[in-house]
Amino acid sequence: MNIAEVTAYILSFIILFPTAASISRFDQWWIRDFDFPRLQISVLILAVIIYNAVAFDFSSVWETIITVVVGLSFIYQAIKIYPYTYLASKQVKVYRGKEVERQVSILVSNVLTTNTKYDKLVKLIIRENPDLVLTLESDEIWEKELSRIEEEYPYTVKIPLENLYGMHLYSKLELEDIDVKYIISEEIPSIHGKVKLRSGEKVNIHCLHPKPPSPSEDDTSTNRDAELLLVGREIDGKNSTLVFGDLNDVAWSRTTKLFLRLSGLLDPRIGRGFYNTFHAQYPVFRWPLDHVFHSSDFLLLSLKRLEKMGSDHFPMFIKLVYQPENVEKNGNGETEEPDDEEKEWAEEKIDKGQHPESHQS
């Protein structure tokens, strides 16, 4: 066995680890973080396959086996990200009418607490003119700087925090039944309630920013998963719902997919692209962390990732049209129902997040 063949074996075993980790259900942060860079991992796997094709003469059955396994790993990763390519069918259809009173637009921005480029976000808000603005990581300084938009956005929910989990909601449309909840942690707020459209119809809203699995935030993904799945379970297929925020999870992860199945909500990015919002400063390390999900009684007018505004996240903008009477024939795709095993896993996650003391060894 020459050096090239030994290198091929070593690279193959290394590149198989991220796929094995993402398939597993271990919730340690360093395992779950392999869910994020699937596109990058796919590119590396493809590079290893090409290297193996050059380094191996395939005289040994093990050379064939390891290359086939690496190839299957590539297929697994590709299947996960395929829905977020232009090759897939669009789950949410485009609205072709002219109705205005049922339109609702949302701008979501994780501002990065230490970011001082306040004017950039304000200018984006003025230019895009959304009905709802949600900021994450916003503290008292950000609250003061954003006060200049309040003349246009008279309905507000302000939760300034210094722990990177502050949250501010600004709305041109009337907000009702607003409830600030601390679902899993007393440090992590979320906003729940209703927004009244110009037509007078009311839509449920949920604004979320759970903790990510990381060495500096949370040792495991349990708390994040529990918060998302608990909200998904409470929505439970009810129409007229918008969920938006920085979910600290990617669209193709097991947790987010199960959240969509539990809630019955749709992802307008399916069939349209990744819309990677993090990390704004490092193009090679980007994946979609900021999301807007909605019930099937909405159609899409516009969806775009906005330009940098000094944060490590790009803002997201979406404009939707509420069409409750056309749900059966609007052409939107459907979200699959969770099976019994998925429901059981969700309940275990929720229970573990709500009652961590009972799960400690």
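Pairs exceeding a 25 Å alpha-carbon distance, out of K196/K257; K181/K304; K80/K158; K211/K343; K211/K308: K196/K257; K181/K304; K80/K158. One Cα centroid belongs to region 59-80, the other to region 239-300; the line between them spans 30 Å.
Taking the Cα centre of region 210-300 as origin and charging only Cβ (+1 Lys, Arg; -1 Asp, Glu), how large is the dipole, in debye to the nearest 20? Can you show the working numbers first?
Numbers: 10 positive and 12 negative charges, 72 e Å.
Computed about the Cα centre, the dipole is about 340 debye.
Calculated accessible area for region 127-192 comes out at 46 Å² per residue, all protein chains present (probe 1.4 Å; ligands, DNA, RNA ignored). The simple spin-label model puts a point 7 Å past each Cα toward its Cβ; for I126 and D351 those points are separated by 5.5 nm. Distance between the 7 Å Cα→Cβ label points at H279 and I14: 2.0 nm. Among the protein heavy atoms, those of D246 account for about 0 Å² of accessible surface (1.4 Å probe, every chain in place). Legend: helices of the chain (whole DSSP H runs) are marked when their alpha-carbon atoms reach 30 angstrom or more along the helix axis and their mean Kyte-Doolittle hydropathy is at least -0.5; marked are 3-23, 61-81. The mean accessible area for residues of region 238-320, using a 1.4 Å probe and ignoring ligands and nucleic acids, is 26 Å² per residue. The aspartates and glutamates within cross-link reach of K319, meaning a Cα-to-Cα straight distance under 14 Å and a gap of 8 or more places when in the same chain, are E99, E101, E128, D131, D267, D297.
Could you tell me the convex hull volume per residue, in Å³, taken over the Cα atoms of region 73-138?
162
Cross-link partners of K144 among aspartates and glutamates, defined as those whose alpha carbon lies under 19 angstrom from its own and excluding same-chain residues fewer than eight positions apart: D119, E152, E162.
Ranking of V203, V69 by solvent-accessible surface, largest first: V69, V203 (1.4 Å probe, protein heavy atoms only, all chains present). Dividing the helix sum by the residues of the chain, where each DSSP H run of 4 or more adds -39500 (n - 2.57), gives a mean residue ellipticity at 222 nm of -10500 deg cm²/dmol.
Find how much the distance from K196 to I149 grows on full extension, using 0.36 nm per residue of separation minus their present alpha carbon separation; answer in nm with one decimal. Let's see the in-between values first.
Values: separation 47, 0.36 × 47 = 16.92 nm, distance 1.96 nm.
Here the segment from K196 to I149 would lengthen by 15.0 nm.
Taking label positions 7 Å along the Cα-Cβ direction at both T114 and K304, the computed distance is 3.1 nm, reported to one decimal. The calculated FRET efficiency for the pair V43 and S214, based on their C-beta separation and a Förster distance of 30 Å, comes to about 0.85.
The values are calculated or read from the model by the stated rules, or taken from the named source; none is laboratory data. Bear in mind that the values here come from a model prediction, so they are computed numbers and not experimental data. Cβ sites come from the backbone with ideal geometry, for glycine too, and all protein chains shown count toward neighbours. In case anyone asks, the SASA skips ligands and DNA or RNA and just uses the protein heavy atoms, side chains included. Shrake-Rupley method; radii C 1.70, N 1.55, O 1.52, S 1.80 Å.
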